[in-house]
1. Do we find a residue being among the small types (Gly, Ala, Ser), closer than 19 Å to Ile4 by Cβ and modelled with pLDDT of 90 or more anywhere in region 118-127?
2. Exactly one of these conditions fails for Ile47: (1) without any contact (Cβ under 8 Å) to a residue 24 or more places away in the chain; (2) among the aliphatic types (A, V, I, L, M); (3) not in a helix (DSSP H, G or I). Give me its number.
3. Could you list all residues from region 44-70 that are within 16 Å of Ile118 (Cβ to Cβ) and surrounded by 18 or more Cβ atoms within 10 Å (Cβ to Cβ)?
4. Select from region 5-22 the residues that are more than 14 Å from Tyr65 (Cα to Cα) and of a type in the set (S, T, N, Q) and list them in ascending order.
5. Hey, Tyr71 hits all of (1) in a helix (DSSP H, G or I); (2) closer than 23 Å to Arg126 by Cα; (3) modelled with pLDDT of 95 or more; (4) not basic (Lys, Arg) but one; which does it fall short on?
6. In contact with a Leu (Cβ under 6 Å, 6 or more places away or on another chain) and part of a helix (DSSP H, G or I), is that true of Met66?
7. Please go through region 1-44 and pick out each residue that is more than 21 Å from Ala89 (Cβ to Cβ), of a type in the set (Asp, Glu) and in contact (Cβ under 8 Å) with a residue 12 or more places away in the chain.
8. For residues that are more than 14 Å from Ile52 (Cα to Cα) and touching a residue at least 24 places away in the same chain (Cβ under 8 Å), scanning just region 77-100, find the one that is surrounded by the fewest Cβ atoms within 10 Å (Cβ to Cβ).
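The values are calculated or read from the model by the stated rules, or taken from the named source; none is laboratory data. Source: prediction; values computed, not measured. All Cβ positions, glycine included, derive from the backbone under ideal geometry; neighbour counts span all protein chains shown.
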Amino acid sequence: MDYIQWSDNLSVGVQVFDEEHKNLVGFVNRLNNALTIGSAKKTMEEILSSLIRYTIIHFKHEEDYMALHGYPALEKHRAEHEALKAQVADFHERFVAGKTTFSLELMTFLRDWLTNHILGSDMAYRGFFNERGVQ
């Protein structure tokens, strides 16, 4: 069973972002599955690195759309993205250095941050983009 279940209530009404969010959910689910079965550190690091790379691409994509369409809360949204990138980069560095391990606490953080960000900050741009024909 997936750690995060995708459902229509997570849809922000912009197809490209919904697909990217589904991919982010997939990465978190793969990390959780690897943790559950006790995968090797190398496997966990590869999945985490892929999640980080994809997250950076997705955040830039959202921010580029926001800038292009004049989204008024762009800077606030960007600050949330930067905070998560810093937290995950810090964890990644500590993990690679052997100073921390994957845990239920980390998985809970990733799940909660992702779903709360989608349901809160991302959902806030739904009407803005839809009014401009971005779907």
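1. Yes: one or more hits.
2. Of (1) without any contact (Cβ under 8 Å) to a residue 24 or more places away in the chain; (2) among the aliphatic types (A, V, I, L, M); (3) not in a helix (DSSP H, G or I), only one is false for Ile47: (3).
3. Leu51, Thr55, His58, Phe59, Glu62, Tyr65, Met66
4. Passing the criteria: Gln5, Ser7, Asn9, Ser11.
5. Going through (1) in a helix (DSSP H, G or I); (2) closer than 23 Å to Arg126 by Cα; (3) modelled with pLDDT of 95 or more; (4) not basic (Lys, Arg) one by one, Tyr71 breaks only (1).
6. Taking the combined requirement at face value, the residue satisfies it.
7. Asp2
8. Glu80
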